[in-house]
Amino acid sequence: MTVRSVQRADYDRWLPLWDGYNAFYGRIGAAALAPEITAATWERFFDPYEPMFALVAEQGDALLGLTHYLFHRSTTALLPSLYLQDLFTTVDARGKGVGRALIEAVYAAARGQGLSRVYWQTHETNATAMKLYDRIAEKPGFLVYRKLFD
């Protein structure tokens with residue numbers, strides 16, 4: 001298995017992973033993301049002015065997982081932070097080191113930029129993923145609040 005940056009030619013193999021990730025979080029049917037959001041997300045990975053990046057885990061001709069991350073400024077640090085926004089592996093790849101390899105590649109991207117912080121969030125019901133997260137990161141205790149507008 002290798003972890004590498006996504007390439008334009010990966011779209012047809014990336015899309016089922018992206019759809020699987022969104023389905024996992026209930027974004028299917030009437031709650032599905034609009035196609036223009038998926039299209040814009042894909043294009044951002046290739047826009048040099050966007051601070052958004054994508055990695056995929058590949059074995060043979062199959063993509064086993066994806067991660068998307070972005071850099072952003074913070075009021076509490078001079079250097080940017082790296083936010084790991086999306087992480088997903090195929091069901092068959094779970095428990096086989098794919099998720100860990102993707103996260104470690106994100107850590108390497110942060111270190112490569114001289115950053116000292118990578119963070120992410122997951123749903124409290126994502127117990128399988130949290131078993132991994134608890135081994136490779138710390139849980140600082142912050143809760144997420146949000147307000148959605150129509």
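If you check every pair at least six apart or on different chains, which have Cβ atoms under 6 Å apart with a residue in region 131-143 that is of a type outside the set (Ser, Thr, Tyr) first and a residue that is open to solvent by less than 60 Å² (accessible area, probe 1.4 Å) second? Pairs found: Leu132/Gly99. The residues of region 71-85 that are open to solvent by 20 Å² or more (accessible area, probe 1.4 Å) and either farther than 21 Å from Val98 by Cβ or touching a residue at least 40 places away in the same chain (Cβ under 8 Å) (or both), listed by number, are Phe71, His72, Arg73, Ser74, Thr75, Thr76, Ala77, Leu78, Leu79, Pro80. The conditions of being open to solvent by 30 Å² or more (accessible area, probe 1.4 Å), free of Cβ contacts under 8 Å to residues at least 60 places away in the same chain, assigned to a strand (DSSP E or B) and under 22 Å from Asp12 (Cα atoms) are met by Glu58.
Tell me which residues, restricted to region 105-121, are surrounded by fewer than 15 Cβ atoms within 10 Å (Cβ to Cβ) and without any contact (Cβ under 8 Å) to a residue 12 or more places away in the chain.
Just the residues of region 105-121 that are surrounded by fewer than 15 Cβ atoms within 10 Å (Cβ to Cβ), to begin with: 108, 111-114, 116-117, 119, 121.
If the condition is that a residue be surrounded by fewer than 15 Cβ atoms within 10 Å (Cβ to Cβ) and without any contact (Cβ under 8 Å) to a residue 12 or more places away in the chain, then Ala108, Arg111, Gly112 are the ones that fit.
The number of residues in region 17-37 being open to solvent by less than 70 Å² (accessible area, probe 1.4 Å), in a helix (DSSP H, G or I) and over 14 Å from Phe88 (Cβ atoms) comes to 2.
Inclusion of Ala101 among residues that are of a type in the set (A, V, I, L, M) and open to solvent by less than 50 Å² (accessible area, probe 1.4 Å) is warranted. Looking only at residues in region 61-70 that are without any contact (Cβ under 8 Å) to a residue 60 or more places away in the chain and either hydrophobic (A, V, I, L, M, F, W, C) or assigned to a loop (DSSP other than H, G, I, E, B) (or both), the one that is surrounded by the fewest Cβ atoms within 10 Å (Cβ to Cβ) is Asp61. Asp92: open to solvent by 50 Å² or more (accessible area, probe 1.4 Å) and acidic (Asp, Glu), yes or no? Spelling it out, Asp92 is indeed open to solvent by 50 Å² or more (accessible area, probe 1.4 Å) and acidic (Asp, Glu).
The values are calculated or read from the model by the stated rules, or taken from the named source; none is laboratory data. Not measured: the values here are computed from a predicted model. Glycine gets a Cβ as well: all are built from the backbone with ideal geometry, and neighbour counts include every protein chain shown. When the accessible area is computed, the model is the full protein with side chains, heavy atoms only, and any ligands, DNA or RNA have been set aside. Shrake-Rupley method; radii C 1.70, N 1.55, O 1.52, S 1.80 Å.
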